[in-house]
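> Following this message is one structure expressed as structure tokens.
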Amino acid sequence: MYFSWSWLFWPWFVAVALAIYGLYCLSKHLQGKASIFEQLAVVTSAFTWLTLVPPAHFNGYLQGWPFVFFFIYHYFFFFNVSVRRRLYGDYYARPHDPKWDIDPPKWQRLLFCVGVMLGHWLAAFEGPELHLIPGGWTNVGVWILILSSLLMQYISTLYLAKYSEKVVVPTEVVQFGPYRWVRHPIYASTVLLFATYCTALQAPLSLLFVTAVCLLYYDQKVKLEEAVMIDTFGERYLEYASKVKYKFIPLVY
């Protein structure tokens, strides 16, 4: 294993400092006082500890896929912000009916975050050393999965925004694009992205773990969301749910 005093002292210092600053910015965000830069610091800190720190810790160095996914995660999770920019000309969320702020209890959200983080650390531990992961054409499948998750997220968010007020409040039951195959393609694309990270690092057990964590959490979340959708749209949503039977994975679940 490669060892470097610069890695021991400098990058760990940077990673820990970024984590502390990210937690500080998160506290401001929860109070509604965080600037755009501070919101970006929160996600950058989280993605650093998801994609860069685990493989760096277990390998002693970084190369290849961790860097790729660090940037892909940023691009992926900022799609909804880009949609706001496209619709309103800025990045700020609009006031809306709070009944659409649907989330499971805090303890479930916390367990989900811990589970996703643990899944990424397990992938870095389970997979081979980074320099042993082949490059070139052998990674075509991984790139196809990455592009699939990005396209699914973008198209699903765009269709949802077209039939919503303020990108949050739906005005119609969306049945176009990816919504023809699964009822919750945005969550499905997130599961696919995390699974692709584990696939890239050649960590099959971690892939199963992080997929299970996501499906258990999102299953609880969509139960709450679909109850509100039925309450709002009635028979229209029930008819859609009977037609599109799968929540996340076509022909599976």
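> Looking at this structure, is Val182 modelled with pLDDT of 90 or more and among the β-branched types (Val, Ile, Thr)?
Spelling it out, Val182 is indeed modelled with pLDDT of 90 or more and among the β-branched types (Val, Ile, Thr).
> Any residue that is of a type in the set (S, T, N, Q), out of contact with any Pro (no Cβ under 9 Å at 6 or more places or on another chain) and outside any helix (DSSP H, G or I) - is there at least one of those in region 22-36?
Going residue by residue through region 22-36, those that are of a type in the set (S, T, N, Q) are 27, 31, 35.
Now drop any that are not out of contact with any Pro (no Cβ under 9 Å at 6 or more places or on another chain), which leaves 27, 31, 35.
From what is left, the residues that are outside any helix (DSSP H, G or I) are 31, 35.
Yes; the residues of region 22-36 include at least one that is of a type in the set (S, T, N, Q), out of contact with any Pro (no Cβ under 9 Å at 6 or more places or on another chain) and outside any helix (DSSP H, G or I).
> What tally of residues in region 3-38 results from selecting those that are open to solvent by less than 70 Å² (accessible area, probe 1.4 Å) and either modelled with pLDDT of 85 or more or among the aromatic types (Phe, Trp, Tyr) (or both)?
Here the count works out to 13.
> Applying the selection to region 116-131, what residues are surrounded by fewer than 19 Cβ atoms within 10 Å (Cβ to Cβ) and not in a helix (DSSP H, G or I)?
Pro128, Glu129
> Tell me, yes or no, whether region 178-201 has at least one residue that is over 24 Å from Val140 (Cβ atoms) and either free of Cβ contacts under 8 Å to residues at least 60 places away in the same chain or among the acidic types (Asp, Glu) (or both).
First pass over region 178-201, keeping only residues over 24 Å from Val140 (Cβ atoms): 179-180, 182-184, 186-187.
Next, from what is left, pick out any that are either free of Cβ contacts under 8 Å to residues at least 60 places away in the same chain or among the acidic types (Asp, Glu) (or both): 186.
Taking every residue of region 178-201 in turn, at least one turns out to be over 24 Å from Val140 (Cβ atoms) and either free of Cβ contacts under 8 Å to residues at least 60 places away in the same chain or among the acidic types (Asp, Glu) (or both).
> Anything in region 202-223 that is closer than 24 Å to Gly141 by Cα and more than 13 Å from the chain's Cα centre (by Cα)? List them, or say none. It would help to see each step written out before you state the result.
So the first thing to find is which residues in region 202-223 are closer than 24 Å to Gly141 by Cα, and the list is 202-215.
Of everything in region 202-223, those that are closer than 24 Å to Gly141 by Cα and more than 13 Å from the chain's Cα centre (by Cα) turn out to be Gln202, Ala203, Pro204, Leu205, Ser206, Leu207, Leu208, Phe209, Ala212.
> For region 103-138, what are the residues that are in contact with a Phe, Trp or Tyr (Cβ under 9 Å, 6 or more places away or on another chain), within 21 Å of Leu52 (Cβ to Cβ) and of a type in the set (A, V, I, L, M)?
Matches in region 103-138: Val116, Met117, Leu118, Leu122, Ala123, Ala124, Leu130, Ile133.
> Further question on the same structure: Condition (residue is at pLDDT 90 or above and of a type in the set (S, T, N, Q)) applied to region 69-81: is it met by at least one residue?
No, there is no match, as no residue in region 69-81 is at pLDDT 90 or above and of a type in the set (S, T, N, Q).
> Taking Pro134, is it part of a loop (DSSP other than H, G, I, E, B) and exposed (fewer than 14 other Cβ atoms within 10 Å of the Cβ)? Steps first, please.
On the way: part of a loop (DSSP other than H, G, I, E, B): yes; exposed (fewer than 14 other Cβ atoms within 10 Å of the Cβ): yes.
Judged against the criteria, Pro134 is a match.
> For region 48-69, name all the residues that are open to solvent by 20 Å² or more (accessible area, probe 1.4 Å) and either over 20 Å from the mean Cα position of the chain (by Cα) or not β-branched (Val, Ile, Thr) (or both). Steps first, answer last, please.
In the first step, residues of region 48-69 are kept if they are open to solvent by 20 Å² or more (accessible area, probe 1.4 Å); the result is 49, 52, 57-58, 61-65, 67-68.
Scanning region 48-69 gives Trp49, Leu52, His57, Phe58, Tyr61, Leu62, Gln63, Gly64, Trp65, Phe67.
The values are calculated or read from the model by the stated rules, or taken from the named source; none is laboratory data. For clarity, every value in this text was computed on a predicted model and none was experimentally measured. With ideal geometry, Cβ positions are generated from the backbone for all residues, glycine too; neighbour counts draw on all protein chains shown. All accessible areas refer to the heavy atoms of the entire protein, side chains included, with ligands and DNA or RNA removed. Shrake-Rupley method; radii C 1.70, N 1.55, O 1.52, S 1.80 Å.
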